[in-house]
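The values are calculated or read from the model by the stated rules, or taken from the named source; none is laboratory data. These figures come from a predicted structure and were not determined experimentally. Please note: Cβ atoms are built from the backbone with ideal geometry, for glycine as well, and neighbour counts cover all protein chains shown. Surface accessibility is based on the protein's heavy atoms, side chains included, excluding ligands, DNA and RNA. Shrake-Rupley method; radii C 1.70, N 1.55, O 1.52, S 1.80 Å.
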Amino acid sequence: MRIMDLLADSREEPVGDLEPDVEPSRAARVRVLLAAALGPLVTGYAAVAAVLALVALTAPRTVFSGTGVLLAAGPGWLAAHQVRLDLGVHPLGVLPLLPTLGTLALAARTASGAAVRLGCRSPREALPVFATVTGAHALFGLAIALCAEGSPVTANPLVAFVVPGLLAAAASAAGIAWCCGLPDVVAERLDPLALRGLRAGALGLAVLVACGAAVFTVATALSWRTVADMYEPAFGSSFGMFLLSVLYLPNAVTAALSFVTGPGFSIGDLDVGMFGYRGGAVPGVPLLGGLPEHHAAWWPALLALPAAAGVLVGWSLRKVDADPAQRIRTVAVAGAVVALGCVLLGTLSGGRLGDGPFDPVSVPVGVASVVAFCWIVIPGSFVAFFTGEHEPPAPPPEALEDNEAFEDADEVDAEEAAEAVEEIEASEEDEETEEPEEELEEEPDEDAEFEADADAELGLEEPADDVSGDDEAVTGGTETCGDVEPDETDR
């Protein structure tokens, strides 16, 4: 029974749950870092070797050599990391973007997995993973460049050391930041409007890339007969041309993006722009079968596509803030993100292509970035300004004072206000009752004064009641004034 209880308890407790605070041992950390260093290198090198082996096996009139494939995979790995190669004295700088995107994704996933296995909870704790992945790519590129010295395909050792290291650093930093929660930390410390602008910029860049892909697809479909004629009857040659076109597909989409926004692109003497065209020879690759042979008057109608991208960005930011100026600032941040993305894509898509008529392949990076910024900011600001909320105009100072007085009045208690009103009414009633009494008291005094004045003028004043003394007493025999005549009876 004791054994059964132990088995039951062991089934209830999960076996794989370990204490989160337990750190891995030194040997475990070394194994994880070693796997992070060698994993993407071996996988990338094996993928390049497999592609080259498949091409060698399917190509006609070729002798397959395993050693030759492994030796050629080294320069192929450098090409996948955007390191310019030298074919003898002819430079090859137009390198495919699709393998580059694959290597970046592989490095990011490797760094993220290593950080999780080591229990890293912050970017600082994941610094060993970052340094390991970056240093491994840089040293491997340098080793390939040094080993290729004297062979038909060479590369600059310094460039082979720096460029793969930079790409691996960017990819591993992205992977580590994602697994360690750095985006949430940045989102908390970053201005919310700026964060919304970054997201809207990513949306705008994705829409512009989709517009370029749509234009490229339609142009290729309309020129399908020309594209089909470029394939050879042999399966091996056709497969190699198809594989080459697939690897360079992101480059073609970037060129189409530059064409849709206005600046265009160039391949040697060929210059294709929205408002200009200059003919020239192009490589016989099915990927370029959709290139136009002359300028068309309806091309400017395609400018509605980048304008629509700007409108979409503005519409997505119409509710970020009630202040129109803040919305326009957010649209400007989105435009800056789009411009930076166009710079990166344009820089990686072009380069030297030998010394012949197809050299160089270029996208006007500076003009394309400025134009893309304008396509996002101008229509986006217009839409965000007029479709969003607007704050009411600021009231004049007098109105503000009235509002403040009104707000103060609201804060007064209702009972106190009622008592104050009653006191005011009572005082008004007392004043009304006192005024008539004062008037009544004043009226008799005024009448008495008037009668006294009249009696004094007529000489009808009554003698004073009070007599001060005997000397001042008046008798009946007192002599009258000379002006008064005696009565008849007296005579």
Exercise. Over the alpha-carbon set of segment 305-382, work out the extent along each principal axis and list the three values in angstrom, largest first.
Key: 57, 19, 15
Practice problem: Determine which residues of segment 271-289 fall in the zone a paramagnetic label at Ala296 would reach in this model, i.e. backbone nitrogen under 19 Å from the point 7 Å along Cα→Cβ. | Solution: 271-280, 287-289
Quiz prompt | Cα-projected label distance for Leu98 with Leu249, points at 7 Å along beta-carbon direction, nm | solution = 0.5 nm
Quiz item: To one decimal place, what orientation-averaged projected area in nm² is obtained for the convex hull of the Cα set of segment 205-266?
Solution: 4.7 nm²
Quiz prompt | Cα-projected label distance for Val63 with Val370, points at 7 Å along beta-carbon direction, nm | solution = 5.7 nm
Quiz item: Pulled fully out, how much extra length does the chain show between Ile424 and Leu87, if you take 0.36 nm times their separation in residues and subtract their Cα-Cα distance?
Solution: 110.9 nm
Quiz item: What order do you get for 55-64, 274-283 when each peptide is scored by the mean count of other beta carbon atoms within 10 Å, highest first?
Solution: 274-283, 55-64
Quiz item: Roughly speaking, what % of Cα-Cα pairs in segment 69-115 are separated by over 17 Å, rounded to a whole number?
Solution: 45 percent
Quiz item: Could you give the accessible area per residue of segment 127-182, probe 1.4 Å, as a whole number in Å²?
Solution: 45 Å²
Exercise. May I ask you to compute the full-extension gain from Trp224 to Leu344, defined as 0.36 nm times their residue separation minus their alpha-carbon distance, rounded to one decimal in nm?
Key: 40.2 nm
Practice problem: Compute the distance in nm between two label points, each set 7 Å from the Cα along the Cα-to-Cβ direction, one at Phe386 and one at Val186. | Solution: 3.5 nm
Quiz prompt | Inter-centroid distance (Cα atoms) of segment 181-211 relative to segment 249-311, Å | solution = 29 Å
Practice problem: With only Lys, Arg, Asp and Glu charged, each at its Cβ (+1 for the first two, -1 for the last two), find how big the charge dipole of segment 147-241 is about the Cα centre; round to the nearest 20 debye. | Solution: 260 debye
Quiz item: Ranked highest first by the average count of other Cβ atoms within 10 Å around their residues, in what order do 326-339, 26-39 fall?
Solution: 326-339, 26-39
Quiz item: How far, in nm, would the chain grow between Phe242 and Leu158 when pulled straight, counting 0.36 nm per residue and subtracting the alpha carbon separation?
Solution: 27.0 nm
